[in-house]
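Here's the structure, in structure tokens; my notes come after.
Derivation of every value follows stated rules applied to the coordinates shown; laboratory data play no part. Quantities reported herein were computed from a predicted structural model and do not represent experimental measurements. Backbone-built Cβ (ideal geometry, glycine too); neighbour counts: all protein chains shown.
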Amino acid sequence: MEQVARLMATLPDVECESAVLELLQDESLARRAIDWLPEAFGFVLVNHIEQLILPTTFKARDQEGCWVEIPFAAEPIFALALELGTFVYHNGPRDLFRSIAEGSSVVAAVNNALNAGAELKGAKLSSLEMFGLRAEAYAS
């Protein structure tokens, strides 16, 4: 996961996707790593800057196009990315952490709210909607 994070922090998006796919040798795994790393790093960041209530689920569309709510526990990459994000946040390199966290929709939402003057202490974030992932991938 650390190698994927370094690729994401140093390469442009198009090159990054190819490099991550080459590294992981699995299209689904590469897509999930690219989608989850920024969100997990974003969770780590906003958890340190605001007293927010973070979601415990995410949403993905099924084959019919309906949103399905899925617990984060169903996605092992998210747990690994949170662990890595926490480590990098506390131990560096800070530029790696910042580069990846800036790609998070959670960071963008919190940033927008703060810039609009919102008070976020104790606010609850809604579940992430993961557009690049399919709900069927998480069926038990």
Worksheet, complete the sentence: Note on the stretch 2-132, DSSP bridge orientation, antiparallel percent to nearest 5 equals 60 percent
Item to complete: Translational diffusion coefficient, Stokes-Einstein: compute it for the stretch 44-111 using the Kirkwood radius over C-alpha pairs as Rh, at 37 °C and 0.692 mPa s, and state it as an integer in µm² s⁻¹.
Response: 243 µm²/s
Worksheet item: Quick one: net charge of ALA139's neighbours, Cβ under 14 Å, K/R +1, D/E -1?
Response: -3
Discussion item. Can you compute the modelled spin-label distance between GLU136 and ASN47, with each label point 7 Å from Cα toward Cβ, in nm?
Written reply: 3.3 nm
Worksheet item: Plugging the Kirkwood radius over Cα pairs into Stokes-Einstein for the chain, at a temperature of 37 °C and a viscosity of 0.692 mPa s, what D comes out in µm²/s?
Response: 211 µm²/s
Practice prompt. Work out how much length GLU119 to ASN91 would gain on full extension: take 0.36 nm times their residue separation and subtract the Cα-Cα distance, in nm to one decimal.
Written response: 7.2 nm
Worksheet item: Over the chain, what is the mean sequence separation of C-alpha contacts under 8 Å (at least six apart), divided by residue count, expressed as relative contact order in percent?
Response: 36 percent
Fill in: For the chain, built as a Gaussian network whose Cα springs stay under 10 Å, the top-fluctuating residue of GLU15, GLU129, GLU83
GLU15
Worksheet item: Once fully extended, how much extra length lies between LEU29 and VAL68, figured as 0.36 nm per residue of separation less the alpha-carbon to alpha-carbon distance?
Response: 12.0 nm
Worksheet item: Using the count of nearby Cβ atoms within 10 Å as a rough guide to exposure, how do TRP36, TRP67 rank from fewest to most?
Response: TRP67, TRP36
